[in-house]
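Novice: Questions regarding the structure given below will be posed in turn.
Where a number appears in this text, it was derived from the coordinates with a stated rule and is not lab data. Everything numeric here is computed off the predicted structure, so don't read it as measured data. We place every Cβ from the backbone using ideal geometry, glycine too, and count neighbours over all the protein chains shown.
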Amino acid sequence: MKGLPRVAIVGRPNVGKSTLFNRMARRRAALVHDEPGVTRDPLEAEVEWAGRRFVVVDTGGYDPRGEAPVAVQVVGKVHEAIARADVLVLVVDAQQGLTGLDAEAAEQARRAGRRVLVAANKVDDPARSDLAAEFYRLGLGDPVALSAEHGRGVGDLLDAIVARLPEGVEPPPDQGLEPVRVAVIGRPNVGKSSLINRLLGYERLITSPEAGTTRDVVDSRCRHEGRDFVLLDTAGIRRRSRVLAGTGGDLERVSVSKALASLKRAHVALLLIDAMEGFTDQDRRLVRQVEQVGCGLVLVVNKWDLVEKQTGTLERYEKGVRSAYPLLEWVPMVFASAATGQRVRQALTAAGYVYEQAGMRVPTATLNASLQAAAALRQPPSHKGRRLKILYGTQVAIRPPQIVLFVNDPDLVHFSYQRFLERHLRAQFGFAGSPMRLIVRAREGWDRRGAPAGPAAPPRPTRPQGGITMAESPGRSRWTVAVIGAGSWGTALAMHLADRGTAPLLWARRPERAGEIARLRENTPYLPGITLSPLIHVTSDLEEALEPPILLLALPAQTVRAWAERARGWIRPEHVVVHGSKGLEVGTLLRVSQVLRQVLPDHPEGRILTLSGPNHAEEVVRGVPSTSVLAGGDPDVQARVQQLLMDRRLRVYTSDDLVGVELGGALKNVIALGCGISDGLGYGDNTRAALITRGLAEIRRLGAQMGAHPFTFSGLSGLGDLVATATSLHSRNLRAGRAIGAGRRPSEVLREGPMVVEGAPTAHAAVRLGEQRGVELPIATAVHRVLSEEITPREAVDSLMGRDPRGELEALDLAGPKDDL
Ligand SMILES: NC(=O)C1=CN([C@@H]2O[C@H](COP(=O)(O)OP(=O)(O)OC[C@H]3O[C@@H](n4cnc5c(N)ncnc54)[C@H](OP(=O)(O)O)[C@@H]3O)[C@@H](O)[C@H]2O)C=CC1
Ligand SMILES: O=C(CO)COP(=O)(O)O
């Protein structure tokens, strides 16, 4: 709702503001009750009328004379809502007539300098519109006579509002991800409203130590890690019996039933418990409630700052809570403090994760392989000589995941075996934080007592190979993520995402290429023979490509600057930019993340990352088990991207060594070229092993000098990627090197295309970097001289082998100055 004009409904208590709000928002969300002052927290809703969209805000009753602490806070909230509004609707009660408080509220509204409309409510009898005339005296123009209760006159009011909205174009309706609806639940006074205030970043809801302050279900939107969340605040949930017997009366009962109803609207519940009080019976009941409703769960241990800690306190605490209820074993726990803000946002990260997990869909083939493995691990039970047979299983629903098991005889499924199966499936697939439904059915055609009546073929799997896919949720835009660059790597990444159920947008720089890929559903020059998933939307429209919050850049390193300059105008601060380029910029000697930061100086540093590792596009696209590493960015952003990409085919690690990971990925290409040259010359495995090992030594030397962690080069983006590139026929660098070693002219080989040979420009940059920083790089220098046609491949080998004797570990600086570029 960001960017929409705002309309605030104001007025003294009990004039019918909430009823009017509900009419305008066409819903029954605000509590409507005869007791004055019921609505305390501002409610918001998006309204569309006569082609315009705006946000309507319901405020608490304006009563500056009220002395209760809550009444004082309400006045503050009303002022806040007025200050943020473009148009004010002052609601008055036409049946009661003009009161002193109406006049005061009108004065406040006038002073705010906003456009004001007077809504004379409760004109239930159309013949009595004259009742509204009296309010003309407020000096705010013609009052609109209406009856919010019956809906009469509300259209006229909406017309009048639209006529007063500021000029301008509202942003298009949000086409991003479906917002994750989060219900914040817990016993009274565990800090629900404080937590929400923290998450929203400003005092949005009224908090008070008085139990039961938040009487209404209040929806509030916020964004976290590029995703929208709707927080549903609830009344403190108490046991129904206590409420009924308690003192709150009617109003409290309404609040509690609405709070429970909000669980039904939620994707994920954040259950707050009080760290000092521990996990209580009431908390257990709430977990059961969540499990019955079927939404996801995150447990937030609030007030953790107040707990005295010794070694192992957290682990002991966690163990105790998890053992209190079976589902809790699988639920993310966040130890937070709403008072200090500590780890509060992690609760949203966890909620996003649980949302994704609950939407996971396991292909039937994978599920059945897992069920077979389970049966091998633990023999199914038998009774009176008959053994349980699990014929096949299939996942029939998500949120929560529902798996139907077809068996020979459901009576043979003992509770403990069902529990074992659930544990086994969770251990394999996760479904973290989500209840899981295992439904056992007798397969039709099976005689309960004996053999099959017909062939028992399992249903055809939806995808030929295994792997887990994330379901596309209703309303979830296809564009969570855009892959920028439709070469080999970009296409493979897009396919990987699509296989996980995330519909990506794939940007190709040339319209004709985008058109061809879209038409053929194949990227023929780069990944021939691979049929593109229908979930991939191909575009060459850069503005469209920059809509999604996550951008995965798969561009040649030398082209990143020009692309970022073109994209700059559309890149928003919330964009997470992950680049997969493996190279150094020749002109500036910068790493690609540095290039991005130079072009986008105001972009949050925590949102620029790199993904690197031994990942040949040709193999990733086939789902060959692969590993990769994500570096840079804030840990929570890393976690989000990790979660976006990771599954049982691509295992994604994280690292905080951006310099090392980028340098490893860039420089291994140079060494791989060298290995190719050696192969082309007809040398053998000894030479390749020598080049890999000594090449890594010089990468580490330069890296350490630039502030990288030396161990990074023994990792996936160092040794791992070097081995993959220097030994695989998929590698363009290796192939180019081989052609050159075999006698072809480097300039000709490098011009051939269409695929980029990153090692060539990077060799040039590396040599200059080495000179600048006084680091010896003999292999990179030899490769560079061959590529520039200064020396022949054979001369290069002679020059390397003829160097002065030295110790193997000589000049291996393990720590150098931080890279300050
Ligand atoms: N291939 C792989 O397995 C992996 C590659 N990488 C890295 O990813 C990056 C991209 O490699 P990869 O996809 O393999 O490269 P490819 O050679 O397969 O494709 C290059 C892509 O870049 C596009 N391109 C070329 N020039 C420009 C430009 N000036 N502006 C924008 N786009 C341009 C090409 O478009 P067009 O077709 O229109 O020319 C093409 O889509 C490299 O840094 C590489 O090292 C990382 C991991 C794995
Ligand atoms: O980086 C790659 C694999 O990890 C791809 O290497 P090439 O660019 O040499 O094909």
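Novice: Taking neighbour counts of Cβ atoms within 10 Å as a proxy for exposure, in what order, fewest first, do 491, 781, 654 appear?
Specialist: Ranked by crowding around the Cβ, least crowded first: 654, 781, 491.
Novice: Per residue, how big is the convex hull of the stretch 658-801 when only Cα atoms are used? Give it in Å³.
Specialist: Numbers: hull volume 13.4 nm³, N = 144.
Normalising the Cα hull of the stretch 658-801 by residue number yields 93 Å³.
Novice: When the chain is fully extended, how far beyond the present Cα-Cα distance does residue 46 get from residue 340, taking 0.36 nm per residue of separation?
Specialist: That works out to 102.6 nm of additional length.
Novice: What are the ³J(HN,Hα) couplings of the stretch 110-117, residue after residue, when phi is run through the Karplus curve with 6.51, -1.76, 1.60 and θ = phi - 60°? Round to Hz, x for glycine and proline.
Specialist: 4, 5, 5, x, 9, 6, 10, 10
Novice: Using DSSP to define loop residues, name the trypsin sites (Lys or Arg not before Pro) in the stretch 735-778 whose beta-carbon has at most 16 other beta-carbon atoms within 10 Å. Please list the in-between numbers first.
Specialist: Values: sites: 735, 738, 744, 751, 768, 773; in loops: 744.
Passing sites in the stretch 735-778 are 744.
Novice: So which chymotrypsin sites (Phe, Trp or Tyr not before Pro) in the stretch 631-724 are both in a DSSP loop and have at most 14 other Cβ atoms within 10 Å of their Cβ? Could you put the intermediate results ahead of the total?
Specialist: Working: sites: 653, 683, 711, 713; in loops: 683.
Nothing satisfies the criteria.
Novice: Cα centroids of the stretch 308-323 and the stretch 256-305: how far apart, whole angstrom?
Specialist: First find each Cα centre; the distance between them is then 19 Å.
Novice: How would 574, 790 line up from fewest to most surrounding beta-carbon atoms within 10 angstrom? Working shown, then result.
Specialist: Numbers: 574 15, 790 11.
Going from least to most buried by this count: 790, 574.
Novice: Arranged by the count of other C-beta atoms within 10 angstrom, fewest first, what order do 799, 747 take?
Specialist: By the 10 Å Cβ count, ascending, the order reads 747, 799.
Novice: Something else now. Given the pairs 77/303; 77/264; 192/309; 192/303, which are separated by over 18 angstrom at their Cα positions?
Specialist: Violating the 18 Å Cα-Cα cut-off are 77/303; 77/264; 192/309.
Novice: Can you give the FRET efficiency for residue 518 and residue 543, using 1/(1 + (r/R0)^6), R0 = 25 Å, r = Cβ-Cβ distance, to the nearest 0.05?
Specialist: Plugging the Cβ-Cβ distance into 1/(1 + (r/R0)^6) gives 0.90.
Novice: Extension gain residue 694-residue 167, at 0.36 nm per residue separation less the Cα-Cα distance, in nm? If you can, show how the numbers build up before the last one.
Specialist: Numbers: separation 527, 0.36 × 527 = 189.72 nm, distance 6.65 nm.
Taking 0.36 nm per residue and subtracting the Cα distance, the gain is 183.1 nm.
Novice: Another question, if that's okay. In sequence order, what are the phi-derived ³J(HN,Hα) couplings for the stretch 736-750 according to the Karplus relation 6.51 cos²θ - 1.76 cosθ + 1.60 with θ = phi - 60°, rounded to whole Hz, with x for glycine and proline?
Specialist: In residue order, the calculated couplings are 5, x, 4, 4, 5, x, 7, x, 7, 5, x, 4, 6, 4, 6 Hz.
Novice: Another question, then. Suppose R0 equals 35 Å; then what is the FRET efficiency for residue 96 and residue 261 from their Cβ-Cβ distance, rounded to the nearest 0.05?
Specialist: 0.60
Novice: Here's a follow-up. Which parts of the stretch 790-810 would a label at residue 771 reach, counting a residue when its backbone N lies under 20 Å from a point 7 Å out along Cα-to-Cβ?
Specialist: Of the residues in the stretch 790-810, 790-792, 796, 799-800 have backbone N under 20 Å from the label point off residue 771.
Novice: In the stretch 365-402, which residues have a backbone nitrogen under 18 Å from the label point lying 7 Å from residue 411's Cα in the Cα-to-Cβ direction?
Specialist: 381-390
Novice: Still on this model: Just report the Cα centroid separation between the stretch 752-803 and the stretch 668-730, whole Å.
Specialist: 13 Å
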